[in-house]
Amino acid sequence: MNAAPRFSLRAAVTDSVSTGRRDELPAAVEPEAAAEPAPVAPRRVTKTTKTVRPATRQGARGITVWVEPEIYRMIKLVGLDADMTTQDVMLEAINDLLAKKGKGRIAKTR
């Protein structure tokens, strides 16, 4: 009986899918002889469309930060080592910054 390989969270975070790295070049794809595509009408976007947010995000605002892949992996690994989500790691970092700047600890966890 063969034992399945053991799952590693560290390996999952540092794999090519998570890092965006590609070790292999994609194989060349031969273009197919396709018929002329049918014209597509442009989509109309209306202002009445609203996205329903989950209850945990009601009244909250999002912050996007762009970081290098290595920093992203380190943040993910900190969370894995402490059994925390990335959300929790970033809220702790925000709380530490606010405390350092004398603004108090006001960021709340879910």
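One table, with the values for the structure above:
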item: Filtered residue count, the range 81-106, keeping only those that are within 29 Å of Ala12 (Cα to Cα) and of a type in the set (A, V, I, L, M); result: 7
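For (1) at pLDDT 95 or above; (2) within 24 Å of Val13 (Cβ to Cβ); (3) of a type in the set (A, V, I, L, M), each residue gets a yes or a no:
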| position | (1), (2), (3) |
| --- | --- |
| Pro37 | no, no, no |
| Ala55 | no, no, yes |
| Trp66 | yes, yes, no |
| Lys76 | yes, yes, no |
| Gly79 | yes, yes, no |
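The values are calculated or read from the model by the stated rules, or taken from the named source; none is laboratory data. Model, not experiment: these values are computed from the prediction. Note that each Cβ is placed from the backbone with ideal geometry, even for glycine, and that neighbours are counted across all protein chains shown.
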